[in-house]
1. Just to be sure I understand, how many residues within region 436-466 are of a type in the set (Ser, Thr, Tyr) and either modelled with pLDDT under 95 or farther than 21 Å from Phe206 by Cβ (or both)?
2. Cβ contacts < 9 Å: first residue over 14 Å from Ile325 (Cα atoms) and in contact (Cβ under 8 Å) with a residue 12 or more places away in the chain, restricted to region 427-438; second residue surrounded by 11 or more Cβ atoms within 10 Å (Cβ to Cβ) and of a type in the set (S, T, N, Q), any location; separation 6+ or different chain. Result?
3. Name the residues in region 388-426 that are among the aliphatic types (A, V, I, L, M), assigned to a loop (DSSP other than H, G, I, E, B) and more than 13 Å from Gly547 (Cβ to Cβ), would you?
4. Restricting attention to region 280-301, does a residue exist that is small (Gly, Ala, Ser) and in contact with a Pro (Cβ under 6 Å, 6 or more places away or on another chain)?
5. Taking region 459-502, which residues are among the aliphatic types (A, V, I, L, M) and crowded, with 18+ Cβ neighbours inside 10 Å?
6. How many of the residues in region 178-215 are at positive phi and open to solvent by less than 20 Å² (accessible area, probe 1.4 Å)?
7. So, of the residues in region 293-322 that are basic (Lys, Arg) and in a loop (DSSP other than H, G, I, E, B), which turns out to be nearest to Thr384 (Cα to Cα)?
8. From the list Lys240, Lys285, Lys305, exactly one residue is in contact with a Gly (Cβ under 8 Å, 6 or more places away or on another chain), of a type in the set (D, E, K, R) and open to solvent by 30 Å² or more (accessible area, probe 1.4 Å). Which is it?
Amino acid sequence: VVALSALSARAVAEPDHLIADFEGDTFAGWTVTGTAFGKGPIDVPLPLQQPVAGFEGARYVNSYHGTDKGQGTLTSPEFTITNNAISFLIGGGAHPGQTCINLLVNNKVVESATGDNDERLAWYTWDTKALVGKKAKIQMIDKETGQWGHINVDQIVQTDAPPVPALSTALLYQESYRPQFHFTAAKNWLNDPNGCVFYDGEYHLFFQHNPESVNWGNMTWGHAVSPDLVHWTQLPDALKPDKLGTMFSGSAVVDADNTSGFGHGNEKPLVAMYTAAGGTNPASKGQPFTQCIAFSNDKGRTWTKYAANPAIPHIAGENRDPKLIWHEATRKWIVALYLDGDQFALFGSPDLKKWTKLQQLGMPGCSECPDFFPLHLDGGAAKTKWIFTAANGHYLVGDFDGTIFTAEPGVQQADFGNSNYAVQTYSDIPAADGRRIQIGWMRDGKYPRMPFNQQMSFPAELQLKTTADGPRLFKQPIKEIETLHGKPSEWTDLKLNPGENPLAGLKGDCFHIKAEIEPGNATTVGFKIRGQQVVYRVADRKLESLGTAPLDLQNGRITLEILVDRTTIETFGNGGRVALSSVYLTKPEDQQLEVFADGGTAKIVSLSVFPVQSAWRSEPSALQK
């Protein structure tokens, strides 16, 4: 841990400069809009609010005026940044972009922070070394009208000796809410995975990224690579906004035969297809959403946009999110594209440049981010089916002849968690590996006081298996999770009575749990993990883990596999027959584990609890070098 003062290039520290201590009965030059912040700092509790603590002096800023329903902003006068850091006390809601304090330079948000869903104010520090000399403003925002829809702030000061370590590059990946084996961007906003492709020993993960803020916007393709889908190195951003729009979601492939003609040199060309989201930046005003391509001849390190973009002009609505595949039998490229509403389409091309519409299809209850790929049924090569997925991971099973996808009746569901979205599978994984690996955005997570926002799911292997209901996707975490395993705690053939907890001596924040349980005459069995429950309700035949999934007993038993990270629980039931990928927010100090049975005695057939080590190495980001 390195404090900012140790990072300063100045020989003598700049004295502290107080921006505001809020000890007056007015906001003294600050601009107020709306009702949430009242007429000035408060020195008495507001009606219906829980006790507030941690502020300094007698008064502080509180946007609970009118309870959580109040909305408004509080903006400082302009000032010059003079120090390496700006520190302040903050509490209240954890709603990035909704209940937050922002640092504005040229009216753009360059730093942001939220509370921690706690009325107690705690110190937070922005690293402002690179901003010294610039004009800035501080703005507090309260747009949230639901639970914890308010913010508390006090004692804003410019300093070279912050009261807590700064969120500097020296501390990246060590933060209290940083997932330890799920991918996050080094800094700022992240959403959909893009361009998932394997080439020459590297898994590429591109992602929707806002390089300027922890809030959504300014969509750019971030980029990271990994040898094993576990240990990631973040590279410079790959695709940046242009006159056709910002860079919305898409995919990438290896053009092994150079059908595009983009290839030159010793490397095979990587080709990405993405949505240029017209009208989402000033340069693209008046442009529609179109599909564009870019290519790389240096293993994805640099990218060139096709001079004749767009490759597919506007079709309908906000058509977007192209997913590329190669169809070997007909020797052509196929792209799945979202159109509008619940409508999708397939297009074909011989060269990745000229595209012909093949088919339009609907998926009720689904939209965005399609994927399209084959899977061997029951792992054998004798029968292959095709899978068409939407952003929410719901899918169709069917057959594809190179032109028409014929789906079996019914949209199916594989993941029942609260945050599984924008799923995409990897292309060009070697045939010898034979796996279909899927990753998604775990949306709607809360990461208070963090320099990053949002995360990916842990990569999962998909298999298609025959069930009594027909062919269904099974989803399980990839085996590479074992590279992070610590020494397990294990039990077999153990009776579990109500009130007993064999895990009482275990504590931690990251685990891989494998269990086979016979509920016996118990009404519920399951786990309590860091304040959250993974519970099987025997009579209802339902598995609950921040979501609810139907799950039958198999020979009187259930099997559970659970990945626990600092902000996520991913639960897989009966060998991946159902999955529940979910985000949660808990206190870092809550590290309790419990396995339980209620209403009767159950049997633990087998139980292994592996502590999971951090996947982040000492230099996880090329951006830090």
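The values are calculated or read from the model by the stated rules, or taken from the named source; none is laboratory data. None of the values given here were measured: they were computed from a predicted structure. Glycine also receives a Cβ, built like all others from the backbone with ideal geometry; neighbour counts cover every protein chain displayed. The area values use the complete protein model at the heavy-atom level, side chains included, leaving out ligands, DNA and RNA. Shrake-Rupley method; radii C 1.70, N 1.55, O 1.52, S 1.80 Å.
1. Kept after step one, since they are of a type in the set (Ser, Thr, Tyr), are these residues of region 436-466: 447, 457, 466.
Subset that is either modelled with pLDDT under 95 or farther than 21 Å from Phe206 by Cβ (or both): 447, 466.
The number of residues fulfilling the criteria is 2.
2. Final answer for the pair search is Arg435/Gln463; Ile437/Thr425; Gln438/Thr389; Gln438/Gln424; Gln438/Thr425; Gln438/Ser457.
3. We begin by selecting, within region 388-426, every residue among the aliphatic types (A, V, I, L, M); these are 390-391, 396-397, 404, 407, 411, 414, 422-423.
Filter again for assigned to a loop (DSSP other than H, G, I, E, B), leaving 390-391, 404, 411, 414.
Ala390, Ala391, Ile404, Val411 - these are the residues of region 388-426 that are among the aliphatic types (A, V, I, L, M), assigned to a loop (DSSP other than H, G, I, E, B) and more than 13 Å from Gly547 (Cβ to Cβ).
4. First pass over region 280-301, keeping only residues small (Gly, Ala, Ser): 283-284, 286, 294, 296, 300.
Remaining after also requiring in contact with a Pro (Cβ under 6 Å, 6 or more places away or on another chain): none.
The answer is no, given that none of the residues of region 280-301 is small (Gly, Ala, Ser) and in contact with a Pro (Cβ under 6 Å, 6 or more places away or on another chain).
5. Quick first cut of region 459-502, residues among the aliphatic types (A, V, I, L, M) only: 460, 462, 464, 468, 473, 478, 481, 484, 494, 496.
Listed by number, the residues that qualify are Ala460, Leu462, Leu464, Leu473, Ile481, Leu484, Leu496.
6. First pass over region 178-215, keeping only residues at positive phi: 188, 195, 200-201.
Then keep just the ones that are open to solvent by less than 20 Å² (accessible area, probe 1.4 Å); that gives 195.
The total comes to 1.
7. We begin by selecting, within region 293-322, every residue basic (Lys, Arg); these are 299, 301, 305, 320.
So of that shortlist, the ones also in a loop (DSSP other than H, G, I, E, B) come out as 299, 301.
Working: Lys299: 31, Arg301: 35 Å.
Looking at the filtered set, the residue picked out is Lys299.
8. On the way: Lys240 fails: in contact with a Gly (Cβ under 8 Å, 6 or more places away or on another chain); Lys305 fails: in contact with a Gly (Cβ under 8 Å, 6 or more places away or on another chain).
After ruling out the rest, the residue left standing is Lys285.
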